[in-house]
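What follows is a single structure, written as structure tokens, with notes after it.
The values are calculated or read from the model by the stated rules, or taken from the named source; none is laboratory data. It should be emphasised that the depicted structure is a prediction, and the values quoted were computed from it without experimental measurement. Cβ placement follows ideal geometry from the backbone for every residue including glycine, while neighbour counts extend to all protein chains displayed. These accessible areas exclude ligands, DNA and RNA; they are computed on the full protein's heavy atoms, side chains included. Shrake-Rupley method; radii C 1.70, N 1.55, O 1.52, S 1.80 Å.
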Amino acid sequence: MSRSDHIRLMATYNEWMNARLYEAAMGLSGEELAVDRKAFFGSILGTLNHLAVGDTIWLQRFAGHPVNFPALRAIRELPAPASLDQPLFADIAGLAQHRKMLDRTIIEWSRSIGERDLDHVLSYANTKGVAARRNFFSLVMHFFNHQTHHRGQATTLLSQAGADVGVTDLLTLIPSPTPA
């Protein structure tokens, strides 16, 4: 598999896992979703919100790639989150709709990335305004790793609330090679 094939696999995994998380979360009350569970971003809703904020921030940075990915057009038009814990939506229904839009965008964007695009050094500023330059492929890997990290937290929080997310392993989506 090429690097771009791996990115497409991770985008598919991302969408699949987010659907599982939101399905489990939608079975809980608003009060249960808002309970401060002492996680990095407090509640289940806070953690899911942070994932949407983080994805928005990174996709807006990726939109600065010289290829000017058309799939990121809608993301460019979104207001930039002011902080990593900025509430985008007060309820799970609004956040779920936004999450679906983000995941569709990530899938479409992943399909447009070419191997040569991955060698670019991307310049961006972090949320504190500190300038950085990093290899684009490495940043995309960080993007997916960040999602996995916080989805793991969300899965734990959902489990503590009595919701079962089910199987979460990437292995589930890795295709078996066809015999030669």
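A compact table of results
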{"read-out": "Share of carbon and sulfur in the accessible heavy-atom surface of region 23-180 [1.4 Å probe, %]", "value": "55 percent"}
{"read-out": "GluC sites (Glu not before Pro) restricted to DSSP loop in region 56-154 with at most 12 other C-beta within 10 Å", "value": "E77, E115"}
{"read-out": "Projected label distance in nm at A131 and D91, using a 7 Å step from Cα toward the beta-carbon", "value": "4.5 nm"}
{"read-out": "Spin-label model distance (nm) - N145 vs T178, 7 Å beyond Cα toward Cβ", "value": "3.3 nm"}
{"read-out": "Trypsin sites (Lys or Arg not before Pro) restricted to DSSP loop in region 124-180 with at most 12 other C-beta within 10 Å", "value": "K128"}
{"read-out": "Isotropic mean projected area of the C-alpha convex hull, the chain (nm²)", "value": "11.0 nm²"}
{"read-out": "Mean residue ellipticity (222 nm) of the chain, computed from DSSP H runs ≥ 4 via -39,500 (n - 2.57), nearest 500", "value": "-18000 deg cm²/dmol"}
{"read-out": "Spatial separation of Cα centroids for region 99-127 and region 129-170, in angstrom", "value": "16 Å"}
{"read-out": "Heavy-atom surface of region 73-180, accessible at 1.4 Å and reported per residue (Å²)", "value": "60 Å²"}
